[in-house]
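A short write-up of the structure that comes next.
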Amino acid sequence: MPFEKIIAAKVSRGITWEEVAKKVGQSKEWTTALCLGQMTANAEQAKAVAAAAFAEAKKNNWRMAFAIVGPAGELVYFEKMDGTQMASVMIAQGKARTAVMFRRPSKTFADQYAAGNTAFTTFTEQPVASEGGIPIVVSGKIIGAIGASGGTGQQDGVAAAAGVSAAK
């Protein structure tokens with residue numbers, strides 16, 4: 001069933017995203033993102049993004065973890081370099097989710113915090129206020145985000161940016 005018909009059925013019949021997901025055999029998050037015009041990072045794209053970030057970290061002798069999430073914040077791919085601190089596993093995922101859920105780099109929140117604006121700490125969805133989470137944009141659409149953690153904030157940002165540059 002073409003997605004335009006699914007959306008029309010959802011609107012006209014008032015069915016839920018769960019019901020739409022069952023019809024197409026996918027998760028609610030995937031179906032919602034696709035039907036709202038958001039493509040999802042596939043495994044091949046996610047691996048390419050992570051590989052570029054990994055290469056940048058390796059070149060600079062940084063030990064990092066990389067998380068790639070889809071447009072609904074779901075984990076698509078994860079990789080951790082040997083010797084990376086364990087805290088970076090969750091931090092990388094948090095940075096990626098922050099970037100995709102708020103549609104901006106996680107550094108935005110670090111900059112706001114440094115400027116004394118802490119209003120975002122009252123948000124229901126708590127953003128990670130540290131550099132290293134960047135949305136992945138392909139053909140003008142956010143298809144996911146990368147989160148890098150393990151170095152300094154600036155190093156995380158450099159590695160994540162290298163990853164994003166590999167997105168196609």
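Each value in this text was obtained by applying a stated rule to the coordinates, not by laboratory testing. Source: prediction; values computed, not measured. We place every Cβ from the backbone using ideal geometry, glycine too, and count neighbours over all the protein chains shown.
Worth pointing out:
- When the Cα positions of ALA96, PHE120, GLY144 are compared along the charge dipole of segment 43-164, GLY144 comes out farthest toward the positive end, with charges on each C-beta of Lys, Arg, Asp and Glu.
- ³J(HN,Hα), Karplus 6.51/-1.76/1.60, whole Hz, each residue of segment 161-168, x for Gly, Pro: 5, 4, x, 4, 5, 8, 5, 9
- Chymotrypsin sites (Phe, Trp or Tyr not before Pro) restricted to DSSP loop in segment 81-168 with at most 15 other C-beta within 10 Å: PHE123
- Non-local Lys pairs in segment 33-168, i.e. 8 or more apart or on different chains, that have alpha carbons under 15 Å apart: 6
- 3J(HN,Hα) couplings calculated from phi for segment 118-130 with the Karplus curve 6.51 cos²θ - 1.76 cosθ + 1.60 (θ = phi - 60°) are, in sequence order, 10, 4, 5, 6, 8, 5, 4, 8, 7, x, 8, 8, 8 Hz; Gly and Pro show x.
- Counting Lys and Arg as +1 and Asp and Glu as -1 over every other residue whose Cβ lies under 14 Å from the Cβ of GLY153, the net charge comes to -1.
- Evaluated at q = 0.15, 0.17 Å⁻¹: base-10 log I(q)/I(0), Debye formula over Cα of segment 43-164: -0.56, -0.72
- Summed residue charge, Cβ within 10 Å of GLY132's Cβ, Lys/Arg positive, Asp/Glu negative: 0
- For GLY133, the residues whose amide H sits under 5 Å from its own are SER106, LYS107, ALA148, ignoring neighbours fewer than 5 places away on the same chain, with H placed 1.01 Å from N.
- Extending 7 Å from the Cα toward the beta-carbon at both LEU75 and GLN112 defines two label points whose distance is 2.6 nm.
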